[in-house]
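Structure first, commentary second.
Derivation of every value follows stated rules applied to the coordinates shown; laboratory data play no part. Not measured: the values here are computed from a predicted model. Note that we place each Cβ from the backbone using ideal geometry, even for glycine, and neighbour counts take in every protein chain shown.
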């Protein structure tokens, strides 16, 4: 959404005196939505339909829609569609995701996904975990060093978590003993449920040798790869690679830490996908690019795309400002008795429901758009094809990706002869308009304002009237 459109939206909100909230709350809501637009661009700028529930799966149709809530307001629903090719054989389920939602939504998603034989999930993986993927890099020294950096960071996080849980105050700090590699593998999934397989891969270098741990009396440690020959010393690829603890012995900040989506979820009393769901099951498999591949695919780190990604993940000064806005939202929500939270959720639901598949395409630089949707979809498509190619493919494979990715994946399935056999809609979040101080006429005005703002930004593509396709029994 353009700055001009946001300013116009801001003015409309501030001037809407018929709303049953004060002027300051309205202004704060508009600012909060400006911050939430960052989250929307990152992965939740979904295709959506405001029409009635479809009777069957629809080619090129939305995987997100708005529906009325029982006590006024609205709820956001996300689709899961299942497909089969022929009369028998594997089922492929496209499980659309929104990355902030009610805790009950993630609980239901967890139960549903754990019923599948394989779950291919979305997550741009941190540098250093490439060797846990099917793809491999060419520079084994660089791959090993990146893996060791990732392993070191997780070891420091485990130590910090152990110290925070220690009952003796003297143990809390940055100088505790280094955790063993075994302890890191055991404890890290409780910090990040995706970490188990990644650490297992990082425990060996790119030549297959085991990473060694050398503890130091000061509490520091050194990770060592013996290189290509597996022996101490050596030159070129046979040379040892040594990685020491950083001077402050603290885990370096990660771009994924406390990102804008997590901050927005906390401010709205919602849950964040990466902390709400367990990715540690053996049938859960990462099917996405790594940060290295993402950067290489962009090709031009100074074209604005890198700055965009850093903002979305919470690593830039812009993200720091957005976090401050979110902190103000929490404070203002307390003063307003919870009305501002409900109003902001309602605006977020309406904005997602009013936007179309073109929203993300128009809101990002073309190169970044290609990488985020097209190139990443190609990765998961290749992973799906590899699993279906075997003599005994899994009975069911779920693709758990942001809903914005799903129309393209659906088109690919339909083009290869798959047919839709089931469709389910799951409530993801709801907002109570009455709790926000809005009556029915206020709510209708809000929806009109949001559509006007999207029209001003050129993001008002038609989202209804698409040809429907029947779900076959």
Virtual spin-label span in nm between residue 295 and residue 200, 7 Å along Cα→Cβ: 2.7
Order of 294, 400 under a 10 Å beta carbon neighbour criterion, fewest first: 294, 400
Inter-label distance, nm, simple model (7 Å from Cα along the C-beta direction), residue 70/residue 414: 3.5
Exposure proxy ranking, count of Cβ atoms within 10 Å, fewest first, for 367, 345: 367, 345
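Taking the number of other C-beta atoms within 10 Å as the exposure measure, put 67, 218 in order starting with the fewest. Please report the intermediate quantities before stating the final value.
On the way: 67 16, 218 10.
Fewest-to-most ranking of 67, 218: 218, 67.
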Listed peptides 101-107, 414-420 by packing density, highest first (mean Cβ within 10 Å): 101-107, 414-420
Estimated distance in nm for a label pair at residue 242 and residue 392, the labels positioned 7 Å out from Cα along Cα-to-Cβ: 4.9
Full-stretch length increase - residue 161, residue 182 - with 0.36 nm per residue and alpha-carbon distance subtracted: 6.0 nm
